[in-house]
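The values are calculated or read from the model by the stated rules, or taken from the named source; none is laboratory data. All figures in this text were calculated on a predicted structure; none of them were measured in a lab. Every residue, glycine among them, receives a Cβ derived from its backbone with ideal geometry; neighbour counts consider all protein chains shown. Quick note on the areas: whole protein, heavy atoms, side chains included, nothing else; ligands and nucleic acids left out. Shrake-Rupley method; radii C 1.70, N 1.55, O 1.52, S 1.80 Å.
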Amino acid sequence: MRPIDRQPYSWRDDPAVPAFDETRMLVVLDGACGLCSATARRIARLDRGDAVRLCTAQSALGQGLLAHFGLDPEDPDTWLLIRDGRAQGSLDAAATLFPLLHRAFVPLRLLHLLPRRVQDWLYARVARNRYRLFGGGDLCGLPDAEVRRRLVG
């Protein structure tokens with residue numbers, strides 16, 4: 001659920017991770033999940049500074065990064081934020097990303113005050129039930145040009 005803590009930019013030495021634009025934040029998410037697709041659309045709407053790129057867990061880049069950080073792309077708990085050479089997952093990633101995109105999400109930072117075990121438990125409850133709660137979706141097939149422009153990998 002949480003990525004292995006590695007040295008910043010450690011993926012550069014991993015031949016399984018294709019090159020990508022490291023100057024922007026990268027979010028790796030499930031391309032077949034309705035919640036993840038909605039999240040991608042929300043990121044595209046909120047990211048006025050064009051600071052975020054999106055990558056599906058099913059792509060070569062997504063698979064390489066997830067494996068590099070010890071995460072399973074088939075695991076519904078997998079969600080990864082790459083920022084400044086470091087990886088974050090679980091609610092930790094969401095509580096970091098969304099306040100950077102819009103001040104209305106600043107209260108999400110309070111999630112950092114919860115013990116990791118509680119954060120992981122909450123995240124896992126949503127992640128493991130996301131298809132039942134939010135249905136499926138096709139992130140790559142979305143008609144939203146802004147989301148497609150941000151997709152890498």
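Within region 9-23, count every residue that is open to solvent by less than 70 Å² (accessible area, probe 1.4 Å) and either β-branched (Val, Ile, Thr) or closer than 28 Å to residue 124 by Cβ (or both).
6
Looking at this structure, is residue 65 modelled with pLDDT of 95 or more and within 15 Å of residue 83 (Cβ to Cβ)?
In short, yes.
Could you name every one of the strands (runs of 3 or more DSSP E) located completely within region 40-113 that has at least 2 residues being over 24 Å from residue 144 (Cβ atoms)?
86-89
Please verify whether residue 6 is outside any loop (DSSP other than H, G, I, E, B), charged (D, E, K, R) and either over 13 Å from the mean Cα position of the chain (by Cα) or surrounded by 14 or more Cβ atoms within 10 Å (Cβ to Cβ) (or both), treating the condition exactly as stated. Lay out the reasoning, then the answer.
Details: outside any loop (DSSP other than H, G, I, E, B): no; charged (D, E, K, R): yes; either over 13 Å from the mean Cα position of the chain (by Cα) or surrounded by 14 or more Cβ atoms within 10 Å (Cβ to Cβ) (or both): yes.
Judged against the criteria, residue 6 is not a match.
Go over the candidates 104, 67, 94, 87 one by one and state the one that is touching a residue at least 60 places away in the same chain (Cβ under 8 Å), of a type in the set (Gly, Ala, Ser) and farther than 11 Å from residue 29 by Cα. Even if it seems obvious, please write down each step before you answer.
Details: 104 fails: touching a residue at least 60 places away in the same chain (Cβ under 8 Å); 67 fails: touching a residue at least 60 places away in the same chain (Cβ under 8 Å); 94 fails: touching a residue at least 60 places away in the same chain (Cβ under 8 Å).
Every option except 87 fails the conditions.
Could you check how many residues of region 80-103 are touching a Ser or Thr at 6+ places or on another chain (Cβ under 9 Å) and either within 15 Å of residue 50 (Cα to Cα) or open to solvent by 30 Å² or more (accessible area, probe 1.4 Å) (or both)?
Residues meeting the conditions: 2.
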